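Here the structure is laid out as structure tokens; the discussion comes afterwards.
The values are calculated or read from the model by the stated rules, or taken from the named source; none is laboratory data. Computed from a prediction, not measured in an experiment: that's the story for all the values here. Cβ placement follows ideal geometry from the backbone for every residue including glycine, while neighbour counts extend to all protein chains displayed. Heads up: the accessible areas ignore ligands, DNA and RNA and are worked out on the full protein's heavy atoms, side chains in. Shrake-Rupley method; radii C 1.70, N 1.55, O 1.52, S 1.80 Å.
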Amino acid sequence: MKVLGLTGSIASGKSTVSGILRLHGGYILDADEINHYNMLRGNRAYKEIIDVFGRAILDEDSEIDRSLLGEKVFSHKAKLSALEEIAHRHVKEYTLEKLKELEAEGTHVFCVIDAPLLIEANMQFYCDSVWLVFADTHTRVKRLLSRNNYTHEQALARINAQTPYSALLKHADTVIYNAGTREELEARVDRELLKFLK
């Protein structure tokens, strides 16, 4: 089974590419979904996050309120680093376990690790190839304004808070440009996937 690492910054279209790869039979390991699962009460990251950030981040059901947690860390580098360290460690642990399971099952031709922080978490080393989905800043701002109802300033703040493309590019084997139509994107993904599976 081949492993494809898929990454891209906010509003680049990474999730759209992931969806196309799923339609082509890829088993998707979504790092965000894994992280949310790990944070549920009783799961692997739950206690550790509460130990670091306190019980004030819990909702009335004693689940971690991710929006409250987000407010605590968004403008605080040290707190964000502490949260990312916990999240990355547990996502990597889960991902490696799942990759072993999938390899043993032998029913999938390829698996996709879909992770916005693939490089930052050093998960590129689990992959046979790394794809970086790219869209220019203007396109991404437009998407965030319509999709998330952000102001222009909020959209730029979200974009600028992320690792710059120039740093991610060093680790990418393939860049998927996504500033055009859905059809153009599908054609690019199809071409690159054929090359990857050769």
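What's the local net charge at Asp190, with K and R +1, D and E -1, over the other residues with C-beta under 14 Å away?
That works out to +2.
Give me the percent of the accessible area of segment 88-167 that comes from carbon and sulfur atoms, probe 1.4 Å, all protein chains in place.
Looking at segment 88-167 in its full context, I get 53 percent from C and S.
Find the lysine pairs in the chain meeting two conditions, Cα atoms under 18 Å apart and a separation of 8 or more places or different chains, and report how many there are.
11
At q = 0.14 Å⁻¹, what is the base-10 log of I(q)/I(0) for segment 100-198 according to the Debye formula with one equal point scatterer per Cα and no solvent? Please give it to two decimals.
Here log10 of I(q) over I(0) equals -0.68.
Could you pull the accessible area for Ile49 with a 1.4 Å probe, rounded to 10 Å²?
Here the accessible area works out near 0 Å².
Give the long-range amide H neighbours of Val175: residues separated by 5 or more places, or on another chain, with amide H under 5 Å away, using H modelled in the peptide plane at 1.01 Å from N.
Leu132
To the nearest 0.05, how large is the calculated FRET efficiency for Leu68 and Asn122 if R₀ is 30 Å and r is the Cβ-Cβ distance?
Calculated value: 0.60.
Skip the ligands, DNA and RNA, and give the accessible area per residue of segment 1-117 with a 1.4 Å probe, whole Å².
With the other protein chains kept in place, segment 1-117 gives 52 Å² per residue.
Based on a Kirkwood Rh over C-alpha pairs, give the Stokes-Einstein translational diffusion coefficient of the chain at 4 °C and viscosity 1.567 mPa s in µm²/s.
72 µm²/s
Could you pull out every residue, at least 5 positions away or on a different chain, whose amide H is within less than 5 Å of the one on Asp65? Hs are placed 1.01 Å off N in the peptide plane, and Pro or chain starts have none.
Residues meeting the amide H criterion: Leu58, Asp59.
Step through the residues of segment 103-113 one at a time and calculate ³J(HN,Hα) from phi using the Karplus curve (6.51 cos²θ - 1.76 cosθ + 1.60, θ = phi - 60°), rounding each to whole Hz and writing x for Gly and Pro.
Rounded to whole hertz, the list is 4, 5, 5, x, 9, 10, 6, 8, 10, 10, 8.
How big is the antiparallel share of DSSP beta bridges in the chain, given as a percent to the nearest 5?
DSSP beta bridges in the chain are roughly 5 percent antiparallel.
Peptides 9-18, 99-108, 31-40: what's the order by average Cβ count within 10 Å, highest mean first?
9-18, 31-40, 99-108
Given a Förster distance of 45 angstrom, what is the FRET efficiency for Ser166 paired with Glu60, based on the Cβ-Cβ distance and rounded to 0.05?
Using R0 = 45 Å, I get an efficiency of 0.55.
With a point put 7 Å past each Cα toward its Cβ, work out how far Glu84 is from Ala187 in nm, to one decimal.
Here the modelled spin labels are 3.7 nm apart.
Residue by residue through segment 161-174, which ³J(HN,Hα) values in whole Hz follow from phi under the Karplus form 6.51 cos²θ - 1.76 cosθ + 1.60 (θ = phi - 60°), with glycine and proline marked x?
Rounded to whole hertz, the list is 6, 9, 4, x, 4, 4, 6, 5, 4, 4, 9, 8, 8, 9.
For segment 57-185, what relative contact order do you get, as a whole percent, if you take Cα pairs closer than 8 Å and at least 6 residues apart?
Contact order relative to length: 21 percent.
Using each residue's phi in segment 117-122, evaluate 6.51 cos²θ - 1.76 cosθ + 1.60 at θ = phi - 60° and report the 3J(HN,Hα) Karplus result to the nearest Hz, with x for Gly and Pro.
Residue by residue, segment 117-122 yields 10, 3, 6, 4, 8, 6 Hz.
Grab the DSSP H runs of the chain that are 4 residues or longer, score each as -39,500 (n - 2.57), total them, divide by all residues and round the 222 nm result to the nearest 500 deg cm²/dmol.
Estimated from H runs of four or more residues: -16500 deg cm²/dmol.
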